[in-house]
Amino acid sequence: MKAIFFICFIIIFKFCCSLNIKSTKESIVYQYGIDEDYPSKWSFALTGLELEFNCVNSSVVRTCSIPMDELIAKKLHGVTSSCLYLVDFNVNICDFQINPKKTPTPIVEPEFRPPTKGGNVLIQGYYLVIGTSSFTIYPDEIILVLSKVDSVNTDATNLTISYPGGCGPRSLIWNNGNNYTFNHASPSIQSLSVNDSLVLINGDNFCNLKEMVDIFMDEIKVDKQSIEFVDHEIIKLNYNQQYCKSVEIKIVSGGLVSNVFKKEFKPNPIKINTVPSDIGGIIIIEGQRLSSSIKSTPLVKIGNYSCIVISSTINRIECNIKPIPKGSILKDLIVSISIDGIKNDNKLLFSFDTPFISDILITQGIIKINGNCLGTNSSTQIYIDDVLQTNITISVNEKQTILLFQPSIQIKKSKLYLKNEIKSNEVILDSSFYGKFSESYISVDGQLVNYTLYNINQVNYNKIPIIEFLNNITISGIDIKNSTEYSTHTYSFQIPNGCGRKEFFISIGDQGFRSELYYGTPKIRNCSIGINQMIVCNGNFESYVGFYNDDEIQIHFSNEFLKKPSSFDKNSFSFPSNIQNNITEIFLQVCNELSEIYIVDSILEPLKNSTNNNNNNNNNNNNNNNNTSQFDSTTNGKQIYNETYESSDNSFYTSSNHKNYNDNINSASSKLKIYIMINISFFLFFYLIFIKL
């Protein structure tokens, strides 16, 4: 018994300590010392395979080899036995199992690239198992070989294993100490969807560890803080692409680079106003990605009608649409936007002539409704709590975007809507708490003005009113203490300088409402035709020079429009004009507000003759130093006020009054024609009498 144990110990000791193995797809080669024991045969009872070693001796080394091919490699599994030749005892002993630690080096072919999510995966190659041995993944995850190595039908070169999944480089380790380092399948982007700022990327092999994943948009790496969720087949990413553009996306996962996926971040129009079909107007589209990074002009179509873009930002487009021919389709027109060839794919519908209330302000006790398609003075009806308002005067501007009326009753949180053949949307109006300035307009230099609040709640009597502008400037009111009646009370406010109309929110305690104030515009006193056909207009413009320097002043005359006057100082401004054309009106636009219109009653032809006469006689006499023809407000010119809320007699008028000058022009021209005809008639009459005599 002791002898057998000793022999076994010698076999194990010698066989494990002096072994050199070389394996290829053509052979398995073992090398031993000349005095070491060596294997003589391997037997695989399950597959009936017996492999005898061919040993060749040299003076110091014995080389034993087995030929190999694919058919043999397929059968290297199942229960094994091995025969060893014991050199010291000159005997061949069989029925040993093949030692797993003495098996040949595995050959994995083709490259093993399992999916990151794992699963049942095929691994191919030679010597993946010898007998019943298995392998692990570094460091200690057991790999379950699903292929039954004890089945005669199993192919030992094609094994299905249960792979647990992972990220980045890993290693397979066999019992013989050999290892195979591999990485996973490369990430693949298959689709990408966008919902607001949430981007969903679908595909394969993304890994499930955020720290192992990098995302690139147009070669710029996305901050990992923006990655909301990562799994092997989906990534959720917070990414706000402001511009309409095509973006190239790729993912690097575990050091492996995905395919490059191109995604068009398309314009996304969400909201649109409406305009009258018979006059057209400015259409405002709000949404996302409504401009491009290269500042190209979007192309907008409303159904089949082009809308010419005036301005565009990332979330707003303004375009002008012309009047639509009668009989055209006016409802449910598809809004199409194309930016650099990229078109929106969402369906936003537009309808003409649908009254829409976008905003309500309470100004000087007047209700100001902003919106679109608000109708006309005579056609629009106002309903408050479903009751038609009859004892009110309605004033709508020419573009049907502003409607003014003074309620006949106090309104407390009532439902309001309009009807102009079509019913508008409904809004909630509360005019129970309102206020009025003591002045109809504010000086552009700023000024101290009084403001009276009406229907102040008792709990707010001792509170300080505050005016807050949209630019976050706040002004606190000062009690002028002119009354002990605090439900209606007056406070003074130091209004800062400015121009145009300024919206503000005024509050006292827990009460508040939105309103606006109006800065005054300059008044033109008179205008003259001067040298080089320049028209010079005089007035007190000292407070407006700064706005001219800031490009906030524009000039309108006749049917022409200039961005800026040629010159502008505290006493006058000038601009060029073709004197052949009749000039009928002159007015300024300051911060988008129109000044009083200066109306020209006289025609220019006589003025031109007068100018020419002055030029001809200039060297003979100096009775016209300025070489100009005057038409001022005291003789031939008239002025009409721009749109405001109340006139001096508390009646309403709007910018439609700007058109009243046509009647004055026509009247003046008619009178002049009659005057000329009468003079010609008298001349002919006396001429004929003289001839007869």
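The values are calculated or read from the model by the stated rules, or taken from the named source; none is laboratory data. Small disclaimer: the values here were computed from a predicted structure and weren't measured. Neighbour counts run over all protein chains shown; Cβ positions are idealised from the backbone, glycine included. We work out accessible area using only protein heavy atoms, side chains counted, and drop any ligands, DNA or RNA first. Shrake-Rupley method; radii C 1.70, N 1.55, O 1.52, S 1.80 Å.
Given the C-alpha centroids of the stretch 307-353 and the stretch 475-500, what is the distance between them in whole angstrom? Measuring centre to centre over Cα atoms gives 45 Å.
Estimated from the Cβ-Cβ distance and a Förster radius of 22 angstrom, the FRET efficiency linking VAL56 and ASP88 is about 0.60. Among PHE44, SER58, ASN90, pick out the residue whose Cα is farthest towards the positive end of the charge dipole of the stretch 39-137, where Lys and Arg carry +1 and Asp and Glu carry -1 on C-beta, about the Cα centre. Highest projection toward the positive end goes to PHE44. The apolar share of the surface of the stretch 407-488, taken as the fraction of accessible area on carbon and sulfur atoms (1.4 Å probe, ligands and nucleic acids excluded), comes to 47 percent. Charge tally around ASP345: other residues with Cβ under 10 Å, Lys/Arg +1 each, Asp/Glu -1 each, net +2. Each peptide in 162-174, 467-479 was scored by the mean count of other Cβ atoms within 10 Å over its residues; highest first, the order is 162-174, 467-479.
Note on the stretch 420-469 and the stretch 522-579: Cα centroid distance 35 Å, given to the nearest whole angstrom.
Between the stretch 168-216 and the stretch 123-162, the C-alpha centres lie 24 angstrom from each other. Under the simplified labelling scheme, the ASP445-SER408 pair shows an inter-label distance of 4.4 nm, with each label point 7 Å from Cα along Cα→Cβ.
Highest mean first, the peptides 110-122, 514-526 sorted by other C-beta atoms within 10 Å per residue fall in the order 514-526, 110-122. Fully extending the segment from ASN120 to ASP218 would add 31.7 nm, taking 0.36 nm per residue of separation and subtracting the current Cα-Cα distance. For the stretch 83-229, a simple Cβ point-charge model (Lys and Arg +1, Asp and Glu -1, everything else neutral) yields a dipole of about 320 debye relative to the Cα centre. For THR47, the accessible area of its heavy atoms, probed at 1.4 Å with every protein chain present, is near 30 square angstrom.
If R0 equals 22 Å, the separation of the Cβ atoms of ILE392 and LEU470 corresponds to a calculated FRET efficiency of about 0.15. Between ILE422 and ASN370, the simple label model (points 7 Å from Cα in the Cβ direction) yields a spacing of 2.2 nm. In the stretch 213-298, with Lys and Arg counted as +1 and Asp and Glu as -1 at Cβ, which of these residues, GLY254, GLN241, VAL275, has the Cα nearest the positive end of the dipole, that is, farthest along it? Towards the positive end, the residue furthest out is VAL275.
Electrostatic tally near PRO298: other residues with Cβ closer than 14 Å to its Cβ, Lys and Arg +1, Asp and Glu -1, net +4.
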